[in-house]
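Since the structure comes first, as structure tokens, the remarks are kept for the end.
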Number of protein chains: 2
Amino acid sequence: MHLTRFTDYSIRVLLFLAVKGEERATIGEIAETFSISRNHLMKVVQELNQKGYLTAIRGKKGGLMLGRPPESITLGDLVRDTEHEMALVECFRDDNACIITPSCRLQPILNEALSAFLAVLDGYTLADLLEGHTSQLSRLMRIPTVPVND
Amino acid sequence: MHLTRFTDYSIRVLLFLAVKGEERATIGEIAETFSISRNHLMKVVQELNQKGYLTAIRGKKGGLMLGRPPESITLGDLVRDTEHEMALVECFRDDNACIITPSCRLQPILNEALSAFLAVLDGYTLADLLEGHTSQLSRLMRIPTVPVND
């Protein structure tokens, strides 16, 4: 069982932007920090932009910024938005060919388990991922610390 | 997010055996019922046998039978046993290269969500998948109904 790489990278991008705060970031910078493909990140950033999670500002002083405060981004919603297929097994899919589906209780049971999984994530926001760790994350991401009021 | 095909097929095999009850089943019969690859099923059956979920009896009157009563097979344990990798994102894996892992709170939060998912499945057994639906499942699986005491 795993989440897609798309979700994994989406969380990393938003975490990076949250740590950067008011400063704008570039895709190149995020790709380099996490040693991940720039092309893959482009698609992630584009979709996060479309869904309002981040803002891409054009121009010389442009770059990426969080589109909403980290406290308002729940991990449950983020996972629902970035996992394009929540089909736990074949009978959840449109092309399902399992012949016992009409009388099988697996799907409602798995749906109940999935709801419990997402309910836990609904209890956390992007801000919770940072809480008390912003300076360590900033160091690990090699983001220069900007003194307050500087 | 999805479970592996291995888990999906494991559940189908055990459901088939549960519906068959005292009668022995063959891999060919299960493969045909679900229109799935015989080779893939061989591996599934082998592992379910090793783990005691089913018994393979050799010989002319041989075949496959459930290794334990359906009431004693919890779906949580079955998923834990058949999902070979519960690595929700990269930082769960041995080859993790995400540089922020030491200060990132994602892993404990995802572990909490995963526990909630499995806790729901721990509340159900293979018998619950059948409950009240054995005759419909038997018809869908094209298993001839054996009259009681016959």
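Values in this text are rule-based calculations from the coordinates and carry no lab data. Keep in mind it's a predicted model, so treat the numbers as computed, not measured. Glycine gets a Cβ as well: all are built from the backbone with ideal geometry, and neighbour counts include every protein chain shown.
Where in the stretch B:1-93 are there helices (runs of 4 or more DSSP H), lying wholly inside it, with at least 2 residues that are more than 14 Å from chain A (Cβ to nearest Cβ)?
B:27-34, B:38-50
Of the residues in the stretch A:95-126, how many are under 26 Å from residue B:19 (Cα atoms) and either within 9 Å of chain B (Cβ to nearest Cβ) or in a loop (DSSP other than H, G, I, E, B) (or both)?
Here the count works out to 16.
Collect the residues in the stretch A:130-145 that are in contact with a Ser or Thr (Cβ under 8 Å, 6 or more places away or on another chain), free of Cβ contacts under 8 Å to residues at least 24 places away in the same chain and assigned to a loop (DSSP other than H, G, I, E, B), keeping them in residue-number order.
Of everything in the stretch A:130-145, those that are in contact with a Ser or Thr (Cβ under 8 Å, 6 or more places away or on another chain), free of Cβ contacts under 8 Å to residues at least 24 places away in the same chain and assigned to a loop (DSSP other than H, G, I, E, B) turn out to be A:133, A:145.
I'm trying to understand the selection: among the residues of the stretch A:53-72, which are surrounded by 12 or more Cβ atoms within 10 Å (Cβ to Cβ) and free of Cβ contacts under 8 Å to residues at least 24 places away in the same chain?
Matches in the stretch A:53-72: A:55, A:56, A:67, A:68.
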